[in-house]
Structure formats: C-alpha cells, structure tokens
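Here is the structure we will look at, set down as structure tokens.
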Amino acid sequence: MRVYLDNAATTAMAPEVIDLMSDMMKSDYANPSSIHHGGRKSRIIIEKSRKTVANLLNTSPGNIFFTSGGTEADNMAIRCGILDNNITHAITSSISHKAVLYPLEELREKKLISLSYIKLDDNGRIDLNDLDQLLQNNPRTFVSIMHANNEIGTIQPIKEIGLLCKKYNAIFHSDTVQTMAHYAIDLQEIEVDFITGSAHKFHGPKGVGFIYIGDNIKIRPFISGGSQERNMRAGTENVHAIAGLASAMELSCSTMDEDKRYILDLKKYMIQELKNNLNDISFNAACTDYENSLFKILSVSFPKNSSSEMLLFNLDIMGISCSGGSACSAGHMSGSHVLDKVCKDQSRTGVRFSFSKYNTKEEIDFTIKSCLLYTSPSPRDRG
C-alpha cells in the first residue's frame, strides 16, 4: 500500500482539472497577447479564470493577478509593498514560512527596514496586544502574518489583525496559501491589502498562483519586460495552468464543508488511535484544538528511542509519504524553525501528517500500524 499524507506540501490534482488542462493544451495554445483569434481565445480563458477566483473571494477581478505560485506572490507583496510605499518598519512572526521570512530578513540586512517579531503563545498564536504596541510605537509598518502555519496548522485571527492594521494605517499582508479554498475567505469582511494563493495546495497544478492587491495599495511591477497582467507582471501567461487553478479552486470551494467534515474526522480518528496505542504521544501546538488549527494538518511528537530517529525514513520505506515539518526546503533535512519555537522537548521526533479528501481510514490504520513498529520501546530502550 502507498499512502500519501503530505498534502500540506502539495496535493494530487483533481481528475477534472487534469482533463480540463489536457484538453486545453491540445487546442488553446496561442499566446494570450496575440491579437488573432487563438490569442483572443486564450485571453478570454485567463479573464474568465480571474473572474472565477475573484467571485470566490468576493472581490473584483481587477484585484487578482496571476503569478508562478505562493512564493512569488509573497515576495511581490513584501518587496513591492515595502519599497514602493517607503515603509521602514515591518512586523512578522518567527514561525512564518520562509517565503515571508527570507525577503523580510534580506530587506533588513540591506538596512532598508527594521524588523520586529511578534510575541507568540505556546501554540504559535500571535499576541494581539503586542501587535498593538509594536504598531503604536513605530512608524508606518508593513505587517506580514500567515493565516495558518504550514507545519503546525495554527490559525491566526486575521480579521482582528486587519482591524489593528487599519487603526494604525499599516499595510497588512497575509500568506493564505494553506487556507485558500479550504476555508471561506470573504475579502469584504477582512481589512487586508495582500493575500496569496497557490493552486497545488488545493488539487490544482504546480507552478501557478495568484496575489490579491487591495484598492488602497499602489505598487510597481515585480517583474519587468512586458505588459501582461495589466502591466503588473511581465511574462507570457501560463494559460492552461491558470485555467486549472480556477477550476480546482471552484471545485474545492463547492465541496468545502463536506471535505472539511470528512478530513477532520480522519484527523480525529488518527489522534485517538495514536493515543490508544502509544502512551507517550503528544501533539504539537494547537493541533487538537479543532477550532484554532487547520483541519488538514496533524503535527505529532513521538517519544525518542533507538528507532524513532529514523521514523520518516522507515515510513517512506513502508510506502507512507509524510514530512518532518515543511517540505518547502528542497529536500533539506535541517531542523524546523517552527518546531524549534513551539516544541518544549527537542529530543522527540516530530512528524507532520497532512490529509486530503482522497485519504481513507484504511490508510490511517496502515500508517498507525507502521508508526508503532518504529516508535514502540524496544528491549534495548527499556534497558
């Protein structure tokens, strides 16, 4: 049996999306910047896709710009949002995704901004009072807080953050890559200037994403060399991938409540079965707080023994795909900067299991059985 439990890293493409893109690659291959019939048809596909995304987020198509993915979208928001608005101070969290941390730290190293890290509780949730103080005591600020963490699943109160940012005229960017098309996002109800999405996180293709830019924010193009994306991002658009993004997002949103119930049941089932079979098992951050953590992520802390240190490797041999934290570091096995901040016992083995609507209870049973093989104390561990 092969089991895929790394859906926070990437998801399997929905069959409907594969069919749509396959057909489109055969027939709709013209450059959307061309003025002939084929080009106009490709342009219509892009604009229909833009309208689909905008409608699902309750905003205007003019606020949606397609990118190569979440990392580019985050970099665009951060670099352009700061530099083009003469911002000299930024706030983020120490457990932000590296697509957020690295550009902010680079701007700090170049002495273009000062950078503050907001206080976190034991579950990785931000301290709103600390945010209020940081905004009050600094010049106009760029705030970048993830909607939900990709390793431990902690959800941040972005509505409350948005209201504080509005109070102090701060620019607010939220990386919504993990929540996009899994949670309802209504941009008429959130005071936010930038949000980002990536298709491969909701059963769409890799290599395509988008950024929402609010009406009150003006930035220059992040990539120059053409007038695509209404002069905001140069480069020939990835037409079939953009159509795949819109289709996947529409499909995911249409079954959002049903999928959430099903996936949350899998998560609860795995938690209970792990508790039933392992005495010294714990769960990182707010994973068992179902209201304040992503329903699709379970970050497990296994007791250390002679076998558990190789748990990920052994699970892979058993045919189970999961992660030690984030899978966005090009295969590096360095420690997780997120788990370093929220885990009290660094000697334990941390594993992130992340689920999708394509997983089954049979797969969970097989995974738990495999985990037990390598985490139950051996005679050598007992001394």
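The values are calculated or read from the model by the stated rules, or taken from the named source; none is laboratory data. Treat the numbers as computed from the prediction; the structure is a model and nothing was measured. Cβ placement follows ideal geometry from the backbone for every residue including glycine, while neighbour counts extend to all protein chains displayed.
This table checks each residue for (1) over 19 Å from THR360 (Cα atoms); (2) more than 19 Å from the chain's Cα centre (by Cα).
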site	(1), (2)
ALA246	yes, no
GLU250	yes, no
ASN279	yes, yes
ALA285	yes, no
THR288	yes, yes
SER293	yes, no
ILE297	no, no
LEU312	yes, yes
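More than 30 Å from ASN85 (Cα to Cα) and either β-branched (Val, Ile, Thr) or in a loop (DSSP other than H, G, I, E, B) (or both) - does that describe any residue in segment 247-260?
Step one: of segment 247-260, the residues more than 30 Å from ASN85 (Cα to Cα) are 247-260.
Filter again for either β-branched (Val, Ile, Thr) or in a loop (DSSP other than H, G, I, E, B) (or both), leaving 255.
Checked against the condition, which is being more than 30 Å from ASN85 (Cα to Cα) and either β-branched (Val, Ile, Thr) or in a loop (DSSP other than H, G, I, E, B) (or both), segment 247-260 yields at least one hit.
Output yes when any residue across segment 349-368 is more than 19 Å from the chain's Cα centre (by Cα) and modelled with pLDDT under 65, and no when none is.
No: zero hits.
Among the residues of segment 75-85, are any over 30 Å from PRO32 (Cβ atoms), surrounded by 22 or more Cβ atoms within 10 Å (Cβ to Cβ) and within 21 Å of the chain's Cα centre (by Cα)?
No.
Using the structure shown, decide if PRO103 is in contact with an Asp or Glu (Cβ under 6 Å, 6 or more places away or on another chain), surrounded by 18 or more Cβ atoms within 10 Å (Cβ to Cβ) and either part of a loop (DSSP other than H, G, I, E, B) or of a type outside the set (D, E, K, R) (or both).
Spelling it out, it is not the case that PRO103 is in contact with an Asp or Glu (Cβ under 6 Å, 6 or more places away or on another chain), surrounded by 18 or more Cβ atoms within 10 Å (Cβ to Cβ) and either part of a loop (DSSP other than H, G, I, E, B) or of a type outside the set (D, E, K, R) (or both).
Among residues belonging to segment 198-221 that are small (Gly, Ala, Ser) and surrounded by fewer than 24 Cβ atoms within 10 Å (Cβ to Cβ), point out the one that is nearest to the chain's Cα centre (by Cα). Break it down into steps so the answer makes sense when it comes.
Residues of segment 198-221 that are small (Gly, Ala, Ser), as a first pass: 198-199, 204, 207, 209, 214.
With the extra rule that they be surrounded by fewer than 24 Cβ atoms within 10 Å (Cβ to Cβ), the set shrinks to 207, 214.
On the way: GLY207: 14, GLY214: 20 Å.
Step by step, filter segment 198-221, then rank; the result is GLY207.
Name the single residue, out of those in segment 230-259 being among the acidic types (Asp, Glu) and within 16 Å of ALA199 (Cβ to Cβ), that is surrounded by the most Cβ atoms within 10 Å (Cβ to Cβ).
Filtering segment 230-259 for residues that are among the acidic types (Asp, Glu) and within 16 Å of ALA199 (Cβ to Cβ), the one surrounded by the most Cβ atoms within 10 Å (Cβ to Cβ) comes out as GLU237.
For GLN136, only one of the following conditions fails: (1) surrounded by 15 or more Cβ atoms within 10 Å (Cβ to Cβ); (2) without any contact (Cβ under 8 Å) to a residue 40 or more places away in the chain; (3) not aromatic (Phe, Trp, Tyr). What is its number?
GLN136 satisfies all of (1) surrounded by 15 or more Cβ atoms within 10 Å (Cβ to Cβ); (2) without any contact (Cβ under 8 Å) to a residue 40 or more places away in the chain; (3) not aromatic (Phe, Trp, Tyr) except (1).
Considering only segment 305-342, state which residues are more than 30 Å from ASP257 (Cβ to Cβ), modelled with pLDDT under 70 and buried (at least 20 other Cβ atoms within 10 Å of the Cβ). I'd like the intermediate steps shown before the answer.
Here is the first cut: in segment 305-342, the ones more than 30 Å from ASP257 (Cβ to Cβ) are 305-319, 324, 329-337, 339-341.
Still in the running and modelled with pLDDT under 70: 306-308, 329-335, 340-341.
SER308, the sole residue that qualifies.
How many residues does segment 86-96 hold that are out of contact with any Phe, Trp or Tyr (no Cβ under 8 Å at 6 or more places or on another chain) and surrounded by fewer than 24 Cβ atoms within 10 Å (Cβ to Cβ)?
Adding up the residues that qualify gives 3.
Report, by residue number, each residue of segment 60-74 that is buried (at least 21 other Cβ atoms within 10 Å of the Cβ) and polar (S, T, N, Q).
THR67, THR71
Hey, among ILE211, ILE223, ILE185, ILE263, which residue is of a type outside the set (D, E, K, R), under 30 Å from LEU373 (Cβ atoms) and touching a residue at least 12 places away in the same chain (Cβ under 8 Å)?
Details: ILE211 fails: under 30 Å from LEU373 (Cβ atoms); ILE223 fails: under 30 Å from LEU373 (Cβ atoms); ILE185 fails: under 30 Å from LEU373 (Cβ atoms).
From the options ILE211, ILE223, ILE185, ILE263, the qualifying one is ILE263.
Go through segment 149-197 and report how many residues are surrounded by fewer than 24 Cβ atoms within 10 Å (Cβ to Cβ), under 20 Å from CYS253 (Cα atoms) and in contact with a Phe, Trp or Tyr (Cβ under 6 Å, 6 or more places away or on another chain).
Residues flagged as surrounded by fewer than 24 Cβ atoms within 10 Å (Cβ to Cβ), under 20 Å from CYS253 (Cα atoms) and in contact with a Phe, Trp or Tyr (Cβ under 6 Å, 6 or more places away or on another chain) within segment 149-197 amount to 0.
Give me a count of the residues in segment 41-90 that are among the hydroxyl-bearing types (Ser, Thr, Tyr), over 19 Å from VAL208 (Cα atoms) and in contact with a His (Cβ under 9 Å, 6 or more places away or on another chain).
Number satisfying all stated conditions: 0.
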